[in-house]
Amino acid sequence: MAGAFEHPFAVYLRAAMIPHIWCSGCGNGVILNAFIHALDELRMDLDKFVVVSGIGCIGRTAGYTNVDSFHTTHGRAIPFATGVKLAKPELEVVVISGDGDLFAIGGNHFIHAARRNIGIKVICANNFNYGMTGGQVGPTTPLEALTTTTPYGNVEHPFNLVHLATASGATYVARWTTLHVRMLTMSIKKLLQRKGFSFIEVVSPCPEIYGRRNNMRTGLEMMEWFRKASVIANFSDPAKAEITPEKIVVGEFVDIEKPTYEQLLYGKIAKIVKKE
Amino acid sequence: MGGDKAVLTGVHFMSGDIACAEGAIAAGCRFFAGYPITPATEIAEHMAARMPEVGGIYIQMEDEIASIAAVIGASYAGLKAMTATSGPGFSLMQENIGLAVMTEAPCVIVDVMRGGPSTGQPTLPGQQDVMQVKWGSHGDYEIIALAPSSVQEMFDFTVEAFNLAETYRVPTFVMADEIVAHMWERVVIPPPENIRIVNRKKPSVSRDDYMPFMPDDDLVPPMACFGEGYRFHATGLTHDERGYPRTQDSEVQTRLVQRLCDKIRKNADKIVRVEEVMLDDADVVVVAYGIVARSALSAVRRAREQGVKAGLLRLITLWPFPGKHVAKAAEKAKAIIVPEMNCGQIVREVERAAKTTPAYHVPKLGENPHTPMEIFAAIRRHG
Amino acid sequence: MRIEIRFAGFGGQGIIKSGIMTAMAACIYGGKHAVQTQSYGPESRGGACKSEVVISYSEIDFPKITEPDILVLMSQHAYNEYAEDVKKGGTIILDPDMIPNEKKLEGVKIFRVPATRIAEELGRTIVANVVMLGALTAITGVVDKEALKEAIKANVPKGTEELNLKAFERGYEYGKKLVEG
Ligand SMILES: Cc1ncc(C[n+]2csc(CCOP(=O)(O)OP(=O)(O)O)c2C)c(N)n1
Ligand code: SF4
Ligand SMILES: [Mg+2]
């Protein structure tokens with residue numbers, strides 16, 4: 001970052017917080033990069049933009065993005081973001097967090113925010129495990145996968161996040177891997193332009209912690225897996241958006257409109273205030 | 001926002017829960033997130049009706065963890081925000097209360113105490129969370145907690161709680177109980193110009209010079225809010241004055257945590273409030289708070305009528321603990337009586353402050369607080 | 001002077017509201033001090049239910065009741081539970097149709113007001129509690145009649161004021177007859 005000339009994206013990053021904490025080969029940098037590209041292409045007003053994260057490797061993203069940002073407790077990014085969005089609906093509020101943060105400890109908040117259609121945007125880095133704490137099983141870990149807490153192979157059925165988001169009422173739902181950088185950037189741009197609760201799952205390599213235990217020692221090997229397994233199927237039936245070690249269906253699955261919570265609430269308030 | 005509708009100036013007959021909600025609105029609260037729980041539910045219900053009238057936000061979240069998280073979010077977005085709960089929900093909030101302390105988010109949390117542990121006696125009073133409010137979250141910290149004894153104080157202290165929260169950027173607690181919350185009494189709501197309102201300090205420097213956790217002399221940093229162009233970062237991790245994580249730096253941890261404690265400790269003389277009744281010559285001092293203080297007052301009066309030199313030290317601020325006041329009262333006294341609706345909590349602090357003067361705890365659990373006779377008997381026994 | 005009143009019956013009889021209206025009458029419209037407390041929760045939703053009022057010329061410290069001067073009882077269960085709590089020389093006002101079995105009580109003034117029946121005659125059993133308030137006012141004089149009428153107007157649903165005031169008057173007349181009787 002440092003040097004005689006300023007990187008065109010320097011404005012989006014907190015230089016003093018870099019170098020980041022992520023391992024080499026980690027997908028989190030790819031996600032951050034795609035996110036910043038989307039911000040740049042959309043010329044978003046950075047003074048009206050808030051990034052919220054929970055706890056986990058990907059949770060450090062809030063600190064790296066040079067906008068108003070908040071790093072909450074583990075699992076609570078969505079309810080915090082809900083408070084921000086309702087208090088100041090003119091702000092664009094984006095939650096970037098991990099599979100464990102958003103779907104284990106914070107799972108209840110996710111489904112309720114989606115149900116209410118709060119106009120916050122959620123990007124989940126799904127690395128199939130708890131990276132930050134050293135690679136334990138999580139809610140998206142595939143059956144039979146090895147983690148530090150499933151040393152004999154995972155016996156828990158994982159969540160399919162596309163199913164979960166769709167069933168909970170999200171108005172925009174997509175899944176990409178970090179291999180699909182351009183599509184991912186395009187998708188984040190869409191996410192930022194939607195009004196309602198919007199969700200992107202980014203399947204992301206964690207070679208250091210997850211890959212290592214599952215015969216994929218490097219980021220490259222994990223990307224190779226994504227290349228082999230992924231199938232693009234835009235706007236196919238979300239119910240068929242499978243995700244297994246053999247097949248990862250990616251694409252956009254839902255893009256609908258319905259009134260957001262804040263539209264309905266502020267509409268009511270306007271009427272009540274007028275009546276008084 | 002709100003205009004005339006915000007302060008219901010006049011004489012009312014209302015319940016403690018409603019008075020609390022009205023106090024919040026009068027103080028400028030425009031965001032309430034909560035989850036129903038007896039005996040605090042009426043605060044949420046009243047807020048649901050009143051918030052839209054003043055242009056404020058009411059949301060019922062999916063649980064108490066979400067409620068406090070949303071409150072912190074709204075506070076950072078610039079609104080005065082509050083939640084209300086009782087024991088079980090209060091326990092769920094504890095982790096994020098620590099987050100509010102660490103990120104210095106001004107907010108008000110009302111705990112209408114009921115009988116515990118666990119689900120306990122939902123419709124009956126207790127004073128069993130008075131230590132949890134001080135120590136319930138992890139780590140080292142200081143908060144402010146007030147204990148109302150009447151419906152009027154449910155109004156007044158909620159206003160005060162917002163003022164303290166905004167002044168010190170600290171979560172501030174109204175520690176009520178089922179009786180005070182459900183009791184109906186006369187409440188006088190003053191005209192808006194007679195209600196003191198404090199708002200958080202705003203930064204006076206430019207974005208480039210702004211450091212979100214750089215304190216002023218009073219140890220409290222001015223607070224920018226989201227969307228004001230400062231583009232700042234806040235985190236529950238140990239952070240430096242810029243708000244940047246410093247998870248490996250002992251010096252930063254020491255500086256930050258010490259300041260978070262000191263901004264309350266060093267301002268304690270300004271924060272602490274007590275009510276002193278006939279303490280000047282008291283041989284027996286009753287230390288009480290909340291609903292029990294009313295029985296204690298009655299008992300002290302009865303004792304005086306019978307020639308016993310009794311006095312009352314009512315704790316209005318539970319935390320920071322009015323240790324100096326206890327010490328002063330203890331100097332001349334032979335005995336201190338501490339009636340509480342628990343098995344012995346604040347009495348430990350009283351003992352610490354009273355040094356050699358013995359403190360006798362009078363516990364009471366269940367439906368009713370101590371009757372004046374029960375406290376009077378304790379005064380007689382130890383006086 | 002400190003007067004303690006307990007209203008008791010079952011949920012849905014307007015017991016809690018009776019206490020609130022009495023206390024409000026004494027305090028907001030009657031210039032005295034008053035506080036109302038209640039048994040609350042699942043109990044006030046159909047089961048046993050009580051509402052307590054303390055009225056005083058001076059500030060009220062202890063807000064709960066220790067020995068009621070006046071009991072207003074509207075169910076057998078309430079009677080069984082509380083009748084013996086009343087202070088010596090105190091007053092019990094009860095609805096005899098709701099309380100078929102009375103015990104022998106010494107040194108207590110007992111007034112039987114068929115409030116539920118009177119309310120039925122007015123077409124709405126729901127106003128039985130207000131009939132009782134009328135009787136309470138006439139029999140004990142603890143609150144001013146006009147003050148209580150103001151409190152009723154402030155507390156009953158809009159559109160039912162007339163019915164409630166009528167119920168109050170009927171109770172008042174009935175109570176007056178009992179005292180004079
Ligand atoms: C209440 C609480 N429980 C546990 C932890 C420890 N913890 C920190 S990060 C984490 C898991 C993070 O996993 P994920 O959200 O998938 O993020 P990743 O590190 O994989 O990016 C856990 C359990 C915590 N910080 N707080
Ligand atoms: S542990 Fe995994 S997710 Fe975390 S930084 Fe390393 S590679 Fe990335
Ligand atoms: Mg993960």
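Numbers below:
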| item | result |
| --- | --- |
| Positions within the range A:92-108 being surrounded by fewer than 24 Cβ atoms within 10 Å (Cβ to Cβ) and either under 19 Å from residue B:31 (Cβ atoms) or more than 16 Å from ligand 2 (Cβ to nearest atom) (or both), in sequence order | A:92, A:105, A:107, A:108 |
| Of all residues making up the range A:118-132, the number that are within 12 Å of ligand 3 (Cβ to nearest atom), crowded, with 24+ Cβ neighbours inside 10 Å and either without any contact (Cβ under 8 Å) to a residue 40 or more places away in the chain or of a type outside the set (S, T, N, Q) (or both) | 5 |
| Tabulated pairs, the range B:335-356, first not assigned by TED's automatic domain parsing to the domain that holds residue B:294, second of a type in the set (A, V, I, L, M, F, W, C), C-beta under 7 angstrom, 6+ apart or interchain | none |
| Every residue from the range A:54-85 that is in contact with an Asp or Glu (Cβ under 9 Å, 6 or more places away or on another chain) and within 16 Å of ligand 2 (Cβ to nearest atom) | A:54, A:55, A:56, A:58, A:59, A:74 |
| In the range A:109-137, the residues that are more than 14 Å from ligand 2 (Cβ to nearest atom) and polar (S, T, N, Q) | A:117 |
| Test result for residue C:89, away from chain B (no Cβ under 12 Å), part of a loop (DSSP other than H, G, I, E, B) and farther than 22 Å from residue C:179 by Cα | no |
| Selected residue [surrounded by fewer than 20 Cβ atoms within 10 Å (Cβ to Cβ), among the β-branched types (Val, Ile, Thr) and in a loop (DSSP other than H, G, I, E, B)] from A:21, A:55 | A:21 |
| Long-range neighbours under 7 Å by Cβ, at least six apart or interchain, first residue within 23 Å of residue A:69 (Cβ to Cβ) within the range B:77-90, second among the β-branched types (Val, Ile, Thr) and in a helix (DSSP H, G or I) | B:77/A:84; B:81/B:71 |
| Among the candidates A:76, A:115, A:60, residue that is surrounded by fewer than 24 Cβ atoms within 10 Å (Cβ to Cβ), closer than 25 Å to residue B:98 by Cα, facing chain B (nearest Cβ under 10 Å) and not β-branched (Val, Ile, Thr) | A:60 |
| Selection status of residue B:65, within 7 Å of another protein chain (Cβ to nearest Cβ), more than 27 Å from residue B:203 (Cα to Cα), at pLDDT 95 or above and outside any strand (DSSP E or B) | yes |
| Residues satisfying the stated conditions in the range B:185-235, i.e. of a type outside the set (Val, Ile, Thr), touching a Phe, Trp or Tyr at 6+ places or on another chain (Cβ under 8 Å) and not in a loop (DSSP other than H, G, I, E, B) | B:185, B:186, B:207, B:233, B:234 |
| Number of positions in the range A:1-53 that are away from ligand 2 (no atom under 16 Å from the Cβ) and aromatic (Phe, Trp, Tyr) | 4 |
| Residue check, residue B:17 in contact with a helix residue (DSSP H, G or I) (Cβ under 6 Å, 6 or more places away or on another chain), part of a helix (DSSP H, G or I) and more than 13 Å from chain A (Cβ to nearest Cβ) | yes |
| Matching residues, the range B:269-288, being closer than 19 Å to residue B:164 by Cα and either among the β-branched types (Val, Ile, Thr) or crowded, with 18+ Cβ neighbours inside 10 Å (or both) | B:271, B:272, B:274 |
| Residue match in the range A:225-241 (condition: within 16 Å of ligand 1 (Cβ to nearest atom) and either in contact (Cβ under 8 Å) with a residue 12 or more places away in the chain or surrounded by fewer than 22 Cβ atoms within 10 Å (Cβ to Cβ) (or both)) | no |
| Of all residues in the range A:191-224 being surrounded by fewer than 24 Cβ atoms within 10 Å (Cβ to Cβ) and under 14 Å from the mean Cα position of the chain (by Cα), the one that is nearest to ligand 3 (Cβ to nearest atom) | A:191 |
| Residue in the range A:79-112 that is farthest from the other protein chains (Cβ to nearest Cβ), counting only those that are part of a loop (DSSP other than H, G, I, E, B) and charged (D, E, K, R) | A:90 |
| Candidates A:217, A:213, A:194 - the one that is basic (Lys, Arg), within 24 Å of residue A:132 (Cα to Cα) and in contact with a strand residue (DSSP E or B) (Cβ under 8 Å, 6 or more places away or on another chain) | A:213 |
| Some residue of the range B:332-346 being out of contact with any strand residue (DSSP E or B) (no Cβ under 7 Å at 6 or more places or on another chain) and either in a helix (DSSP H, G or I) or surrounded by fewer than 19 Cβ atoms within 10 Å (Cβ to Cβ) (or both) | yes |
| Odd one out for residue B:240, checked against (1) within 13 Å of chain A (Cβ to nearest Cβ); (2) touching a residue at least 12 places away in the same chain (Cβ under 8 Å); (3) buried (at least 19 other Cβ atoms within 10 Å of the Cβ) | (3) |
| Strands (runs of 3 or more DSSP E) contained entirely in the range C:4-84, each with at least 1 residues that are more than 11 Å from every other protein chain (Cβ to nearest Cβ) | C:48-56, C:70-73 |
| Boolean, residue B:142 is over 30 Å from residue B:185 (Cβ atoms), out of contact with any helix residue (DSSP H, G or I) (no Cβ under 6 Å at 6 or more places or on another chain) and assigned to a loop (DSSP other than H, G, I, E, B) | no |
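The values are calculated or read from the model by the stated rules, or taken from the named source; none is laboratory data. As the structure is a computational prediction, the values presented were derived from the model and not from experiment. Reconstructed Cβ throughout: ideal geometry from the backbone, glycine too, with neighbour counts over all protein chains shown.
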